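Some notes on the structure that comes next.
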Amino acid sequence: MHSKVVIIGSGPAGHTAALYLSRATLEPVMYEGFLANGIAAGGQLTTTTDVENYPGFPNGIEGTQMMDLFRQQSARFGTNIITETVAKVDFSSRPFKYWCEYKENQEPDTADSIIIATGAAAKRLHLLGEDIYWQKGISACAVCDGAAPIFRQKPLVVIGGGDSAAEEALFLSRYASHVYVVVRRDVLRASKVMANRLLSHEKVTVIWNHVPIEAKGDGSLLNCVRIKHTKTGEVRDLEANGLFYAIGHEPATKLVKGQLLLDQDGYIITKPDTTYTSVEGVFAAGDVKDKKYRQAITSAGSGCMAALDCERWLAETLGE
């Protein structure tokens, strides 16, 4: 099969790109993935309960429901959505070649252009009880979830010692009764400015030389985080209605490693103010290229940019 445009990934970035490209009659093909990177089609939002900060949903919406609507809209305008995972690509010449999972030894499919929208996944700690309380008190995005009613005026815990942890703790301090920042070492990795803000905040307490070992609750919601001293081994419980991971994200770029230019953290590098990658005809959108904002709305905007960049490139290069 040959396509003008192939989109790899099915989060807000991928579906927004698909919407724009299909309305431009470019007949995009989307590979939404079958548990690609361990996440269901639709991306990270499928692991989120309530989304309250996306415009157009004044009462909020469940993440899975939101992505179902994205998918319906893409399909309505003619996007060919295929529930397979792209396992291999070859960007060395055009048309680009790609192979789906379990078909790597077969003849490749081809495309004139490709949009990479494979996203990034929050790093998890895999604590005892984490699977029970994920999105029931445990989150990897304070900005996304911190203002939810279950966290307001409640004690919250942030894990991490870098700038992201400091930023998330300060953000959460607006809503929490108190914020505890659990740091593995006896020093913060955060910049001096951020560290000073954190340490001087009256609603924030930094707990040094500790790591979390268990998430506890009543079976429905988190109410306690068990932590352990890294030097003495002493274990104690922290009352907490929220546990926020700020230990980084893992971009899903294994597929393109060695073919596209990546930064030191593995994110795809794009040309300033565009979605153009280091290979002409290959574009990147969403969290796979964005380690700063990581929001559904910014991913959607990035998907729009990729579609417009791709459409113009096809017109200029191939006369499409």
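The values are calculated or read from the model by the stated rules, or taken from the named source; none is laboratory data. Nothing here was measured: the structure is a model prediction, and the numbers come from that model. A quick note on method: Cβ atoms are made from the backbone with ideal geometry, for glycine too, and the neighbour counts reach across all protein chains shown. For the accessible areas, the whole protein counts, side chains as well, though only heavy atoms, and no ligand, DNA or RNA atoms are used. Shrake-Rupley method; radii C 1.70, N 1.55, O 1.52, S 1.80 Å.
For the chain, the dipole from Cβ point charges (+1 on Lys and Arg, -1 on Asp and Glu) about the Cα centre works out to 940 debye, to the nearest 20.
Only beta bridges with both residues in the chain are counted; by DSSP, about 45 percent of them are antiparallel.
Tell me which residues come under 5 Å, amide H to amide H, from residue 181 once H is placed; ignore anything under 5 positions away on its chain. Under 5 Å from the amide H of residue 181 lie the amide H atoms of 158, 205, 206, 207, each far enough along the sequence or on another chain.
Looking at the stretch 167-315 alone, DSSP beta bridges between its own residues are antiparallel in about 75 percent of cases.
Amide hydrogen proximity for residue 238: with H placed 1.01 Å from N in the peptide plane, the residues at 5 or more positions away or on another chain lying under 5 Å are 225, 226, 227. With each label modelled as a point 7 angstrom along the Cα→C-beta vector, the residue 135-residue 93 pair spans 4.5 nm. May I ask you to derive the FRET efficiency for residue 293 and residue 105 from their Cβ-Cβ distance with R0 = 25 Å, giving the value to the nearest 0.05? According to the calculation, E is roughly 0.05.
Karplus-based coupling profile of the stretch 101-109, in residue order and whole Hz: 4, 6, 10, 5, 9, 9, 5, x, 8, with θ = phi - 60° in 6.51 cos²θ - 1.76 cosθ + 1.60 and x standing for Gly or Pro. Among the cysteines of the chain, those with no neighbouring cysteine Cβ under 4.7 Å are 100, 224, 304, 310. Each of 21, 258, 169 was placed along the dipole of the chain (beta-carbon charges, centred on the mean Cα), and the one lying farthest toward the positive end is 169.
Protein heavy-atom surface of the stretch 179-309, 1.4 angstrom probe: 49% of the accessible area is carbon and sulfur, with nucleic acids and ligands not counted. Take every Cα pair under 8 Å whose residues are at least 6 apart in sequence, average their separation, divide by the length of the stretch 133-237, and the relative contact order is 25 percent.
As I understand it, the value is the acute angle between the Cα axis of helix 63-76 and the longest principal axis of the Cα atoms of the chain; what does it come to in degrees, rounded to 10? That works out to roughly 10 degrees. For the listed peptides 264-273, 58-67, a ranking on the average number of other beta carbons within 10 Å per residue, highest first, reads 58-67, 264-273. The helix-based estimate of mean residue ellipticity at 222 nm for the chain, built from -39,500 (n - 2.57) per DSSP H run of four or more residues and divided by its residue count, is -7000 deg cm²/dmol to the nearest 500. Listed cross-link partners 123/271; 136/254; 123/289; 257/289; 228/291 are compared with a 19 Å cut-off, the Cα-Cα value being larger for 123/271; 136/254; 228/291. Taking each residue as 0.36 nm, the span from residue 196 to residue 228 lengthens on full extension beyond its C-alpha to C-alpha distance by 9.0 nm.
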